[in-house]
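Enquirer: I am attaching a structure below and will ask some questions about it afterwards.
The values are calculated or read from the model by the stated rules, or taken from the named source; none is laboratory data. Keep in mind the model is a prediction, meaning the values are calculated, not measured. Here Cβ is always computed from backbone atoms with ideal geometry, including for glycine, and neighbour counts include all displayed protein chains. Just the protein is used for accessible areas: all its heavy atoms, side chains included, with ligands, DNA and RNA removed. Shrake-Rupley method; radii C 1.70, N 1.55, O 1.52, S 1.80 Å.
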Amino acid sequence: MKNKFFKPDYVFKKIYDLDFDILKGIKTLFIDIDNTLTPYYQELADEKTKKFINKLNELNIKIILVSNNNKNRVKRFAESLDLEFNYLSMKPLPFTFLKLIKKYKLNKNETMAIGDQILTDVLAANLTGIYSCYVYPIIDKDSFMTSINRKIENIIRRIYKI
């Protein structure tokens, strides 16, 4: 297990800035939805998101949307991209990531999580022992709970120079 729980393996300004070279050897991506792929209030994937997901599909990477949000929100968004999903994932706890790794017989060294929150997405990935990729939020506005996390994340980002 990594000794820096809050330090991501990779950092990008936005998910759309992802350097596809880092995906060499990656077979599965666990991708967060809210403020990673789309603003938290947007119900369906837009064309930019669809093109991005199609590019990942062309690389033969399995994509599973993993969100802490509720079933209706996650299902509706996932269906707009024709992707598998997991809702109420309880990130940063690693249980969902571990469950998915077992269910799909995934190799941790070939799996990466991408998300906009250090305290949920990055920490869950690092606790699971998979690669972590932090992307800055798509928009500055957050839900109430996330806005609290952001204050703590600002301190973490300063410590780790993220």
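Enquirer: Please go through the stretch 47-59 and give me each residue that is of a type outside the set (Val, Ile, Thr) and buried (at least 16 other Cβ atoms within 10 Å of the Cβ), ordered by number.
Expert: Phe52, Leu56
Enquirer: So Lys91 ticks every box in (1) among the charged types (D, E, K, R); (2) in a helix (DSSP H, G or I); (3) under 16 Å from Phe5 (Cβ atoms) but one. Which box is left unticked?
Expert: With (1) among the charged types (D, E, K, R); (2) in a helix (DSSP H, G or I); (3) under 16 Å from Phe5 (Cβ atoms) applied to Lys91, the lone miss is (2).
Enquirer: Can you list residue pairs whose Cβ atoms sit under 8 Å apart, with the first residue in the stretch 83-108 being within 9 Å of Val66 (Cβ to Cβ) and hydroxyl-bearing (Ser, Thr, Tyr) and the second being open to solvent by 80 Å² or more (accessible area, probe 1.4 Å) and part of a loop (DSSP other than H, G, I, E, B)? Count only pairs 6 or more apart in sequence or on different chains.
Expert: Here the result reads Thr96/Met90, each pair linking the stretch 83-108 to a residue that is open to solvent by 80 Å² or more (accessible area, probe 1.4 Å) and part of a loop (DSSP other than H, G, I, E, B).
Enquirer: Hey, among the residues in the stretch 113-162 that are small (Gly, Ala, Ser) and closer than 16 Å to Pro92 by Cβ, which one's farthest from the chain's Cα centre (by Cα)?
Expert: In this case the residue turns out to be Gly129.
Enquirer: Quick one: what pairs do we get from the stretch 127-148, first residue under 15 Å from Ile33 (Cβ atoms) and open to solvent by 60 Å² or more (accessible area, probe 1.4 Å), second of a type in the set (Phe, Trp, Tyr) and at pLDDT 95 or above, C-beta under 8 Å, 6+ apart or different chains?
Expert: none
Enquirer: Restricting attention to the stretch 21-75, report how many residues are of a type in the set (A, V, I, L, M), in a loop (DSSP other than H, G, I, E, B) and within 18 Å of Ala113 (Cβ to Cβ).
Expert: Counting residues in the stretch 21-75 that are of a type in the set (A, V, I, L, M), in a loop (DSSP other than H, G, I, E, B) and within 18 Å of Ala113 (Cβ to Cβ) gives 5.
Enquirer: Of the numbered conditions (1) part of a loop (DSSP other than H, G, I, E, B); (2) more than 19 Å from Asp9 (Cα to Cα), Glu79 fails exactly one; give the number of that condition.
Expert: Condition not satisfied by Glu79: (1).
Enquirer: Go through (1) crowded, with 16+ Cβ neighbours inside 10 Å; (2) of a type outside the set (Phe, Trp, Tyr); (3) closer than 24 Å to Leu88 by Cα; (4) touching a helix residue (DSSP H, G or I) at 6+ places or on another chain (Cβ under 7 Å) for Leu44 and report which single condition fails.
Expert: Leu44 satisfies every listed condition except (1).
Enquirer: For Leu106, indicate whether it is out of contact with any Cys (no Cβ under 9 Å at 6 or more places or on another chain), open to solvent by less than 20 Å² (accessible area, probe 1.4 Å) and over 15 Å from Lys7 (Cα atoms).
Expert: Answer is no for this residue.
Enquirer: Applying the selection to the stretch 65-74, what residues are over 16 Å from Asn54 (Cβ atoms) and either surrounded by fewer than 15 Cβ atoms within 10 Å (Cβ to Cβ) or of a type in the set (A, V, I, L, M, F, W, C) (or both)?
Expert: Across the stretch 65-74, the qualifying residues are Val66, Asn70, Lys71, Asn72, Val74.
Enquirer: Test Lys151 against the stated conditions and say whether it is in a helix (DSSP H, G or I) and open to solvent by 50 Å² or more (accessible area, probe 1.4 Å).
Expert: So Lys151 fits the description; yes.
Enquirer: Report the residue count in the stretch 1-41 for those that are under 14 Å from Ser132 (Cβ atoms), open to solvent by 70 Å² or more (accessible area, probe 1.4 Å) and of a type in the set (D, E, K, R).
Expert: 2
Enquirer: Taking into account only those residues within the stretch 1-30 that are of a type outside the set (Asp, Glu) and touching a Cys at 6+ places or on another chain (Cβ under 9 Å), which is farthest from Phe52 (Cα to Cα)?
Expert: Applying the filter and picking the extreme gives Pro8.
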